[in-house]
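Student: Here it is, the structure, as structure tokens.
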Amino acid sequence: MSEQQPLVRAVNVIKDFGATRVLHGIDLEVHRGEVVCLLGPSGSGKTTFLRLINQLESLTGGRIWVDGELIGFEERRGRLHVRKDADIARQRSRIGMVFQRFNLFPHMTALENVVEAPVHVRGVRPSRAREEARRLLDLVGLAERADFYPSQLSGGQQQRVAIARALAMEPELMLFDEPTSALDPELVGEVLAVMRDLARDGMTMVVVTHEMSFAREVADRVVFMDAGVVVEEGAPEQVLRRPRHERTQAFLARVRREEQAAEERISAELEQLGE
Amino acid sequence: MSEQSSTGSAGTERPGLIDAVPVRHPWRWVAVAVIAVLVAMLVNLLVRNPAWNWPFVLEAMNQTPVIRGLFFGTLLCTALGMAFGVAGGVLLAVMRLSDNPVLRGVAWVYTWFFRAVPRYVLLVTLGAIGVLFPDGISLGVPFDWVIIDALGLQGDWRFLTLDANQLFTGLFGAVFGLAASEAAYMAEIARSGILSVDRGQTEAAQALGMPRRLTMRRIVLPQAMRVILPPTGNELVAMLKDTSLLVGIPLTIEMFFQLQSIGSRTYQTFPVLVAATLYYLIITSVLMAGQAWLERRFGRGVRA
Ligand SMILES: Nc1ncnc2c1ncn2[C@@H]1O[C@H](COP(=O)(O)OP(=O)(O)O)[C@@H](O)[C@H]1O
Ligand SMILES: [Mg+2]
């Protein structure tokens, strides 16, 4: 495939849940090595869009291509045919996904979580897979926690294991759905640091997040969604500092207010502790 | 105040270690006394009443046909009946939860039928099912006689013919009957176990590219086990006890049947019942220990 071709190309993506339309024709392109942050108020359809890329939901309309291959369907003689399960699994195996609530396998240790898919999906020899898993756990700063069960790890540690687990499949694309919103504030930094490293190493990433500073520093492009449409997109500087649309402005103002309120709450608590 | 100083550790004003008088439970002591009397009565009954005939109980338990029956009819049938029953139940549960309406329907009808028929009735019916197949049960092309007739040919297209009377009496029929009925119960248990596993687990596995069956086997079922195991332990004990119904097939190499026939030969009907009770108690105790071990094993990662 040519270098010019986008890794992800979504055209007019539409999604209905029953009678409600939650995505009204999303267009988005993500190029290799690019980090795209999806912002938008809760309920705007960010999660749904990510899940459509990974076929955890089925498309109502539009098309998504990853690496030039149509996701979920095959076009034969002018008609779309639904792909077989095995084919869908193969397409998914090239896309890593990190969930808001980690979704580690609780009956497996951190190491076993990371080893599972390479061994059972890609047929990597267990000894090699374990070696590779240790390297990845080291990469996310958890070499010492390899033999711990998820219940023995903090939220931040669990999320880092989840990132290592996704990386173990050597994906060409990583999807993050609010990876830090289930974390206590003091644990957010360690997860963002791992994601920052990944971005620096050239991973293609689509990140749904409310962490404005992460979006500003790491994203190549910021996409603002509201009510199932892309309202505006552009360089982080432009969208976050000089938003053109009223809805983007209102959203950013609200986020800023919330951040401020949180800071005030924390300093008030600190003061109380001081007394 | 003076009270404060008496509870605190000498001299300091801050309260010290707790040394409180526990709540008294006078009724417990009454209960203990009542139970002690009942136990004494029981021991007296066990030791003094000659009808027990303890030496005969032990002798009966030691008879070769009884021990053979214990291993084949009781233990082996329980183990195999349960193994196939659990496998069938999990299969039925997966079918019930599948997207395929045909599989869902088949699983539902199966469960409906086998839950409705009492085990004893099922076993007796199986034993008598030879009536339906006077020419035996054959493996081959279905409706071969229709096809052969239509083509104007002779003979049959059957490769192997089994005598239905022999097939469903004896060990095979016993295991078949127990497993068939157990699968229907295990299906419900397995289904609730599978449903107890968070959807996020399946999604995480799918996102890693794990196909459905692998996800079920490696991710969902091991976690469902925590919910499935306790009721399955009960099913296993129930199955053990239900082997005493195998006489309906009839399967004669079975412990309870053998003990009863000793009882009726020797007119010692009561001691052989005691012998059977003792055996069931022993096996059930062993099973309970095994179940506790399994539950710990599949509880891994739940509580550190
Ligand atoms: N499985 C579902 N069934 C019905 N409605 C859904 C489902 N998932 C999401 N929705 C709806 O779709 C809209 C978009 O949700 P979501 O993609 O989760 O938004 P976001 O991630 O931006 O908060 C919401 O109104 C939500 O209620
Ligand atoms: Mg969301």
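The values are calculated or read from the model by the stated rules, or taken from the named source; none is laboratory data. This is a predicted model, so every value here is computed, not measured. Here Cβ is always computed from backbone atoms with ideal geometry, including for glycine, and neighbour counts include all displayed protein chains. Each accessible area value is taken on the protein alone, full model and side chains, heavy atoms only, with ligands, DNA and RNA left out. Shrake-Rupley method; radii C 1.70, N 1.55, O 1.52, S 1.80 Å.
Student: Identify all lysines with a Cα-Cα distance to A:LYS46 below 25 Å; exclude those on the same chain that are fewer than 8 residues away in sequence.
Tutor: By straight Cα distance, A:LYS46 reaches A:LYS15.
Student: Take every Cα-Cα pair in the stretch A:170-275 and report what % of them are more than 15 Å apart.
Tutor: Of all Cα-Cα distances in the stretch A:170-275, 70 percent exceed 15 Å.
Student: Classify the stretch B:146-304: rounded, prolate or oblate, from the alpha-carbon gyration tensor (a ≥ b ≥ c, eigenvalue square roots; a/c under 1.5 rounded; otherwise prolate if a/b is larger than b/c)? Each step should come with its number before you reach the end.
Tutor: Working: a/c = 4.05, a/b = 1.12, b/c = 3.61.
Here the stretch B:146-304 falls in the oblate category.
Student: If one computes the Cα centroid of the stretch A:246-262 and of the stretch A:1-64, what distance in Å separates the two points?
Tutor: The stretch A:246-262 and the stretch A:1-64 have Cα centres spaced 24 Å from each other.
Student: So, one more: So what's the Cα pair-distance distribution over chain A, bin width 5 Å, in %?
Tutor: Per 5 Å bin, starting at zero, the Cα-Cα P(r) for chain A comes out as 1, 5, 11, 15, 17, 16, 14, 10, 6, 3, 1, 0, 0, 0, 0, 0 percent.
Student: Collect residues whose amide H, placed 1.01 Å from N in the peptide plane, falls under 5 Å from the amide H of A:LEU173; neighbours closer than 5 in sequence don't count.
Tutor: Close amide H contacts, sequence-distant or interchain: A:GLY96.
Student: Return the Rg/Rh value of the stretch B:1-129, two decimal places, where both radii are evaluated on C-alpha atoms and Rh is the Kirkwood radius.
Tutor: 1.35
Student: Over the stretch A:8-274, with every protein chain in place, what whole percent of the accessible area is carbon and sulfur at 1.4 Å, could you tell me?
Tutor: The computed percentage sits at 46.
Student: Shifting gears a bit: Which residues of the stretch A:84-106 bury at least 30 Å² of accessible area once all protein chains are present, versus their chain alone (1.4 Å probe)?
Tutor: Listed by number, the residues meeting the 30 Å² cut-off are A:ASP85, A:ALA89, A:ARG92, A:PHE99, A:ASN103, A:PHE105, A:PRO106.
Student: Another question, if that's okay. What's the total accessible area buried between chains B and A, using a 1.4 Å probe, rounded to the nearest 100 Å²? The partial results should precede the final answer.
Tutor: Details: alone 20060 and 14250 Å², together 32190 Å².
Protein heavy atoms only, the B-A interface buries about 2100 Å².
Student: Moving on. Mind listing P(r) for the stretch A:174-234? All alpha-carbon pairs, 5 Å bins, whole percents.
Tutor: 4, 16, 29, 26, 15, 9, 2
Student: Please give the solvent-accessible surface of A:ASP197 in Å², to the nearest 10, using a probe radius of 1.4 Å with every protein chain present.
Tutor: Counting only protein heavy atoms, A:ASP197 exposes about 60 Å² to solvent.
Student: I'd like the GluC sites (Glu not before Pro) in the stretch A:123-205 restricted to DSSP loop residues with at most 16 other Cβ atoms within 10 Å, sorted by number.
Tutor: A:GLU172
Student: Give me P(r) over the stretch B:193-268, computed from all C-alpha to C-alpha distances, binned every 10 Å, as integer percentages.
Tutor: Histogram of Cα-Cα distances, whole percents per bin: 17, 26, 17, 17, 14, 7, 2.
Student: Between A:ILE26 and residues 5 or more places away or on another chain, which pairs have amide H atoms under 5 Å apart, with H built 1.01 Å from N, and which residues are they?
Tutor: Amide H neighbours of A:ILE26, under 5 Å, 5+ apart: A:ASN12, A:VAL13, A:ILE14.
Student: With viscosity set to 1.306 mPa s and temperature to 10 °C, compute the Stokes-Einstein D of the protein assembly as shown, Rh being the Kirkwood radius across alpha carbon pairs; µm²/s, no decimals.
Tutor: In µm²/s, the coefficient rounds to 53.
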